[in-house]
Amino acid sequence: MAKGAKKTRTVKKKAAAATTATAASRAAPRTAYVNARLIDPASGLDAPGGLLSEDGLIADFGSGLFADGAPENAETIDCRGRVLAPGLVDMRVRLRDPGHEHREATVSAAAGGITTIIVLPNTDPVIDSVALVEFIGRRAGEAGLINIYPMAALTQGLEGKEITEMGLMSEAGAVAFGDGISSIDDSLVMRRALSYASSFGLLIVQRPEDNSLASDGVMNEGEIATRLGLAGIPNAAETICLERDIRLLELTGGRYHASLLSTADSVDVVRRAKARGLNVTCDTAPPYFALNEIAVGDYRTFARLSPPLRCEEDRRAVVEGIEDGTIDAIVSDHAPHHQDSKRQPFAQAESGAVGLETLLAVALDLTRESSLPLSGMLGKVTCVPADILGLDTGRLRKGAAADLVIFDADAPWKIDADQLLSKSKNTPFDGKLTQGRVVRSVISGHTVFHASDLDA
């Protein structure tokens, strides 16, 4: 039964992807990408070469392609030695309102080289029914630019009490199930959810946090919080919830994904769970490997995040978890807020930051500051999240949709919040000097973003 259900879900997911890319795939040009550095983390390819797209699909690619020149009947794009890779897959994006935020999000995502996003269920209304899953699919198709998939709610209304009709919502196109920014406190509810999901091979996603321990905390518990007079959130709030979920996973089987790991203890919990053979995966976001609690500074609200920025020891542990493969994926955790909601006293300000346009650039810092190679980093934002979600994307493959990103890994960039395409400017990376800029994003063979100034 589980195998049959899984097969059906794959078909449904492919259909949903086709819906979002319909506009882009019409009359897709025949395009030859020449002088590229081809990187495909899924196959280990990292070599100079070219790629040909036709009718919105990858027709051919490789080192010897176009040795005799590009075909005369194809549009030619000179990559100038830059990286050509699969478009990024971001498995954690908040859109607030399913009717109003898609267009802005897709534009920002395209500018960041992201071609597929997973929308959290924390919308208004909550994605907790078949009708709303289907609604998200329709609005995604209307928005156009990129592929959008819904993560459906694990419990009705995100209240943490009654589990949703996960099987039906999976058939409608939901790719995973979780309560988004909320964690499930009730152990019995989580056990029932894992048991039900395991029967159908569904993925449960949890952002682990013991709400009673987090309580009214607004930043990492420690010396800095005490000095600033701010209520702290202990590391144990994350670790205790994660430990409980791992124990329940042992009882029920199934698939569990921990999102936004931020502490050394949590990384170790997942590392040990994987060593025991449990089907557990996890992710983190750029703030947790690029920043620490010092970024809060003098009550800098753009650095108010959930989970909070931790100490330097935790940050280093997250980097090590990325390096050794304990942390499988990197997500943006894109959370747009109006500036007025951030221009508040620190304790009253909304938590969260935009991250679509800065995801790749900040992640590229890992390749310069750690032992992680470029291909390994790209795998964490392409094929690995796609595999976790069961999506047929995130890799270079003949016959696959031509969802691509071209970027200059060495191009200097000072992140300027005012220049972000998102209407929301709440980034903790404002003013950060980095390297790596997206030159072109392609969906189903169509360019949906082009930084023409980099080709001048």
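Worth pointing out:
- Under the condition of being without any contact (Cβ under 8 Å) to a residue 40 or more places away in the chain and over 21 Å from the mean Cα position of the chain (by Cα), the residues counted in the stretch 153-177 number 12.
- Total residues in the stretch 226-246, condition of a type in the set (S, T, N, Q) and either closer than 17 Å to Leu305 by Cα or modelled with pLDDT under 95 (or both): 1
- Hits in the stretch 430-456 (condition: buried (at least 17 other Cβ atoms within 10 Å of the Cβ), of a type in the set (A, V, I, L, M) and assigned to a loop (DSSP other than H, G, I, E, B)): Ala451
- Residue match in the stretch 405-415 (condition: over 23 Å from Asp455 (Cβ atoms) and hydrophobic (A, V, I, L, M, F, W, C)): no
- Residue within the stretch 134-144 that is out of contact with any Pro (no Cβ under 8 Å at 6 or more places or on another chain), touching a residue at least 12 places away in the same chain (Cβ under 8 Å) and either β-branched (Val, Ile, Thr) or in a strand (DSSP E or B) (or both) present: no
- Restricting Ile184, Ile240, Ile163 to those that are of a type in the set (Val, Ile, Thr), buried (at least 24 other Cβ atoms within 10 Å of the Cβ) and on the phi < 0 side of the Ramachandran plot reduces the list to Ile184.
- Ser212 meets all of the listed conditions (1) out of contact with any Cys (no Cβ under 9 Å at 6 or more places or on another chain); (2) in contact (Cβ under 8 Å) with a residue 60 or more places away in the chain; (3) farther than 30 Å from Ala386 by Cβ but one, namely (2).
- Looking only at the stretch 151-202, and only at residues there that are touching an Asp or Glu at 6+ places or on another chain (Cβ under 7 Å) and hydrophobic (A, V, I, L, M, F, W, C), the one that is farthest from Leu242 (Cα to Cα): Ala172
- Matching residues in the stretch 388-413 - criterion: being assigned to a loop (DSSP other than H, G, I, E, B) and either of a type in the set (Lys, Arg) or free of Cβ contacts under 8 Å to residues at least 60 places away in the same chain (or both): Arg395, Arg397, Lys398
- Residue in the stretch 187-198 that is of a type outside the set (S, T, N, Q) and either under 30 Å from Ser441 (Cβ atoms) or part of a loop (DSSP other than H, G, I, E, B) (or both) present: no
- Filter result for Leu366 (within 21 Å of the chain's Cα centre (by Cα), touching a residue at least 12 places away in the same chain (Cβ under 8 Å) and outside any helix (DSSP H, G or I)): no
- Every residue from the stretch 70-84 that is farther than 16 Å from Thr382 by Cβ and either in contact with a Phe, Trp or Tyr (Cβ under 9 Å, 6 or more places away or on another chain) or surrounded by 13 or more Cβ atoms within 10 Å (Cβ to Cβ) (or both): Ala70, Pro71, Ala74, Glu75, Thr76, Ile77, Asp78, Cys79, Arg80, Arg82
- Which listed residue is closer than 23 Å to Asp328 by Cβ, crowded, with 20+ Cβ neighbours inside 10 Å and either in contact with a Phe, Trp or Tyr (Cβ under 8 Å, 6 or more places away or on another chain) or not aliphatic (A, V, I, L, M) (or both), from Thr367, Thr427, Thr382: Thr382
- Total residues in the stretch 360-388, condition acidic (Asp, Glu) and closer than 18 Å to Ala110 by Cβ: 0
- Of the candidates Ser375, Ser341, the single residue that is among the small types (Gly, Ala, Ser), touching a Pro at 6+ places or on another chain (Cβ under 9 Å), outside any loop (DSSP other than H, G, I, E, B) and surrounded by fewer than 20 Cβ atoms within 10 Å (Cβ to Cβ) is Ser375.
- Subset of the stretch 398-424 (residues that are surrounded by fewer than 23 Cβ atoms within 10 Å (Cβ to Cβ) and closer than 26 Å to Ala74 by Cα): Lys398, Gly399, Ala400, Asp408
- Considering only residues in the stretch 247-276 that are hydroxyl-bearing (Ser, Thr, Tyr) and over 14 Å from Cys311 (Cβ atoms), the one that is surrounded by the fewest Cβ atoms within 10 Å (Cβ to Cβ) turns out to be Thr252.
- Looking only at residues of the stretch 40-69 that are surrounded by fewer than 19 Cβ atoms within 10 Å (Cβ to Cβ) and modelled with pLDDT under 95, we find that the one that is farthest from the chain's Cα centre (by Cα) is Asp68.
- Positions within the stretch 304-330 being farther than 19 Å from Leu372 by Cα and buried (at least 22 other Cβ atoms within 10 Å of the Cβ), in sequence order: Arg304, Leu305, Pro307, Pro308, Leu309, Arg310
The values are calculated or read from the model by the stated rules, or taken from the named source; none is laboratory data. The structure displayed is predicted, hence computed values, not measured ones. With ideal geometry, Cβ positions are generated from the backbone for all residues, glycine too; neighbour counts draw on all protein chains shown.
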